[in-house]
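To start, the structure under review is shown below, and the notes come after it.
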Amino acid sequence: MDLIKRPRRLRAGGNMRRLVRETALSVDDLIYPLFVVEGEGIKKEIPSMPGVYHLSIDNLLKELDEVQSLGIPGVLLFGVPDVKDEAGTGAYSHDGIVQRALREAKRHFPELLLVADVCLCEYTSHGHCGMIHEGKILNDASVELIARAAVSYAEAGADIVAPSDMMDGRVGAIRKALDRNGMEDKAIMAYSAKYASAFYGPFRDAAHSAPAFGDRKTYQMDCGNKKEALREVELDIAEGADIVMVKPAMAYLDIINEAAGRFDVPVAAYNVSGEYSMIKAAAQNGWLDEKAVVLESMTAIKRAGAKIIITYFAKDLARWIE
Ligand code: PBG
């Protein structure tokens, strides 16, 4: 053989591969999601998400200590309240579970970035992300409550608020409400292209937030659509999003790639519960090498264009990347 081009030259050994590698994961890229519950001394594993727990605030603080010492820049907090009602009051009440968790977290770990997921579905008795009238999910009335929730999280210590409801106009409403309350410095990470995905199944077990009727298809996006995702991203940036997110990640790498190519704000990708649990289940059965598959998947998400990866594997990754 008389070849001039021999791409294998650059794969010849570990150091050579390291030298030419285009995408490398860093602990800097990671956000770790956590579920806070009422009570004390609680650390209860979520059955459909092995290795992920319901944590009461005291145990949350222990977790944050570990997250900080692993060098992970931030956490994303979800609340699982004891009481839910029609209007999702727990999402925006001064003493809501996430508000209390944020205050404690900020007091003990002032440097750690605290991201608060902003949505109503964990707090509404019907499990929808907005207010309901005659079986319909209202947009503007929901946005008002969502903006209130965002302000109360920011007041409690969130550095970033992350609206995940997919109501129209919520990013603009949140930006205005934050600014009006003197919180111009608080950032918005918008779940901009959030698809109506079956991959959220385990999360809904964890947050007890499965909708009591119907589904989320009138607000979350249809999985066949890409142009629509780009319009959503564009709108959110125009309304004041500092970071835009694509969710889920693995089945939507093309969306991440397009969004990152087209827009100049950081793109985040949410490696969601179902993506996590699939790998966990296969690994527990001995069918997949967990570490290798996770590193490969996360590298793919970053290679597609995500600067930020929100993943339940964040602590494992931080250890593996070291
Ligand atoms: C709340 C919310 C959901 C997730 C993040 N924020 C659930 C949903 O929209 O039903 C999913 C996260 C995951 O699956 O890990 N709206």
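Taking other Cβ atoms within 10 Å as a rough exposure proxy, CYS129, CYS223 sort from fewest to most as CYS223, CYS129. Residues PHE313, PHE109, PHE213, arranged from fewest to most other Cβ atoms within 10 angstrom of their Cβ, appear as PHE213, PHE109, PHE313.
Normalised by residue count, region 35-168 yields a Cα convex hull volume of 107 Å³ per residue.
Taking the longest Cα principal axis of the chain as reference, the axis of helix 273-284 is set at about 50 degrees. Between region 16-58 and region 202-216, what is the C-alpha centre distance in whole Å? What the calculation gives is 21 Å, centre to centre.
The order of the peptides 71-78, 278-285 by mean Cβ neighbours within 10 Å, most packed first, is 71-78, 278-285. To the nearest ten degrees, helix 97-108 and the longest principal axis of the Cα atoms of the chain are 60 degrees apart. Structure remark: mean-square fluctuation, Gaussian network model of the chain, C-alpha springs under 10 Å; the largest value among ALA292, ALA241, ALA229 belongs to ALA292.
Taking every pair of alpha-carbon atoms in region 125-193, give the share separated by more than 15 Å as a whole percent. Value for region 125-193: 49 percent of Cα pairs lie more than 15 Å apart. Axis of helix 170-180 versus longest Cα principal axis of the chain: the two differ by about 70°, to the nearest ten degrees.
Ordered by the count of other Cβ atoms within 10 Å of each Cβ, fewest first, TYR191, TYR276 give TYR276, TYR191. Here the translational diffusion coefficient of region 24-321 follows from Stokes-Einstein with Rh set to the Kirkwood radius across Cα pairs; for 10 °C and 1.306 mPa s it amounts to 84 µm²/s.
Only the coordinates and a few stated rules stand behind these numbers; no lab work does. Owing to the predicted nature of the structure, the values given are computational and were not obtained by experimental measurement. Glycine also receives a Cβ, built like all others from the backbone with ideal geometry; neighbour counts cover every protein chain displayed.
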